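Below is one structure, written out as structure tokens; the observations come after it.
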């Protein structure tokens, strides 16, 4: 297997500003620091965005290299590797389980010994006096366990028992929130015939166990999500959102999504004069995938890209092959959620929810979906990027749910752009060059502005098309 998972361009600490739990950060941030990926770079300062010729060969994109990469992952799915007697969940075996759980996420195996191991690890959510390393392993097991249960609730049916037991007995608010989140996921409910009444009963049980749940951000955001999903309010006027810009004089990107994140989202752009960017007389737009590999909710580390407002601030260069498979060959666009360090100050925003809401158009200020990026920042999520990928489209399992998005790879929080290579390692198609070019022109070379992600009503599984948005654009 890989010596380590690809470094995530999105992270969080288990200890957030309004929480006093033991600090449990993901250690992969060290890799980001070594690679220089945590420091935003303005476009004018970045390594030149060289577009490789379609005749240039990327060795890691060769058919043989990609086949070997996948086979290396599959070979790790062996009973002895998942044997907890051989590899108990302790500090000594933390690296083993980090690597193996990443392999499990890639392959989505269906062998019973994998389900048995996952079941045993998730049973530890009720244990006391866990070490930091043990808690990190359980964190990741819940992330991957969510993915496996969503994909195949029959093979992994025993995990449902562990999720319910976590809700009933665990003292960790984050783990409890993750457990009810997977059970309340629309995919889960459709496959397992769970009723809204059963989910509401679990929600009430959590509120009984945690009387201060409204002050526990993971519980508050998760239960608010569930309540909103079961009783969705009317969507505010889309036209008002389309006429708005977070800050006049700076570019404004819009990313419209289906609530079903297996479907492709659609990004459109206004320049710093408030004019829609066009190409050959037509509104310019580009498809993006905003789906978490794990199917996690937006408020958890490695979850779906949150809805809401982001600051666009420069690029991160991709000058070599070190992270080619994870991020492709082109520069990455830096996005910052509210309260995240490392970007220029947002005028009028001092950190309060009211300040954040004031940045939104009036009729959208109480829309729960657009509050998500604020809460994501409050919970410590960070390092969101728009980027391509050098991994093969078939490297990750579980894409059969939506063939229309099969050429885009999922991420662990970022916005994924199309990047395809031939079997001989030649670039066939990539959307990052045009994204970078349009952003540069729309911002008058500053590459600063704002981006808003919003889900709009549409048929489950249907990708967002320009025609879905155009009626609201004058």
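Nothing in this text is a laboratory measurement; each read-out follows from the coordinates by a stated rule. Keep in mind that this is a model prediction, so the values were computed, not measured. Cβ sites come from the backbone with ideal geometry, for glycine too, and all protein chains shown count toward neighbours.
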Rounded Å value of the spacing that divides the Cα centres of segment 257-320 and segment 110-154: 31 Å
Exposure proxy order (Cβ contacts within 10 Å, fewest to most) of 270, 399: 399, 270
Among 107, 453, 337, which comes first, then next, by fewest other beta-carbon atoms within 10 Å? 107, 337, 453
Viscosity 1.306 mPa s, temperature 10 °C: Stokes-Einstein D of segment 322-453 from its Kirkwood Cα radius, in µm² per second? 94 µm²/s
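So for the chain: antiparallel DSSP bridges make up what percent, rounded to the nearest 5?
Working: 33 of 43 bridges.
Just about 75 percent of them are antiparallel.
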Protection proxy (average C-beta count within 10 Å per residue), highest first, orders 198-208, 362-372 as 362-372, 198-208
Quick one: in segment 421-460, what % of C-alpha pairs are over 16 Å apart? 62 percent
Just the Kirkwood number for segment 60-114, please: inverse of mean 1/r across all distinct Cα pairs, in Å, one decimal. 12.2 Å
Taking every pair of distinct Cα atoms and averaging 1/r, then inverting, what Kirkwood hydrodynamic radius in Å comes out for the chain? 22.8 Å
Which length gain, in nm to one decimal place, applies between residue 441 and residue 157 when the Cα-Cα distance is subtracted from 0.36 nm times their residue separation? 97.1 nm
Please give the FRET efficiency for residue 197 paired with residue 57, using the beta carbon to beta carbon distance and R0 = 56 Å, rounded to the nearest 0.05. 0.45
Going by Cα centres, segment 361-379 and segment 189-240 are how many Å apart? 16 Å
Kindly rank 209-216, 159-166, 288-295 from highest to lowest mean number of other beta carbons found within 10 Å of each residue. 288-295, 159-166, 209-216
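Under the definition of Cα pairs under 8 Å and six or more residues apart, what whole-number percent is the relative contact order of segment 76-230?
For segment 76-230, the relative contact order is 19 percent.
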Given a Förster distance of 60 Å, report the FRET efficiency between residue 467 and residue 168 from their Cβ-Cβ distance, rounded to the nearest 0.05. 0.80
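Using only C-alpha positions, report the orientation-averaged shadow area of the convex hull of segment 226-338, nm², one decimal.
In nm², the orientation-averaged hull projection of segment 226-338 is 9.5.
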Report the calculated FRET efficiency for residue 350 and residue 400 (r = Cβ-Cβ distance, R0 = 45 Å), to the nearest 0.05. 0.45
Explain nothing, just the number: relative contact order of the chain, from Cα pairs under 8 Å at least 6 residues apart, as a whole percent. 23 percent
Pulled fully out, how much extra length does the chain show between residue 209 and residue 95, if you take 0.36 nm times their separation in residues and subtract their Cα-Cα distance? 37.7 nm
Order of 130, 415, 428 under a 10 Å beta carbon neighbour criterion, fewest first: 428, 130, 415
With the contact rule set at Cα under 8 Å and sequence spacing of 6 or more, what percent relative contact order holds for segment 294-407? 33 percent
What are the extents of the Cα atoms of segment 76-230 along their three principal axes, in Å, largest first? 42, 34, 20
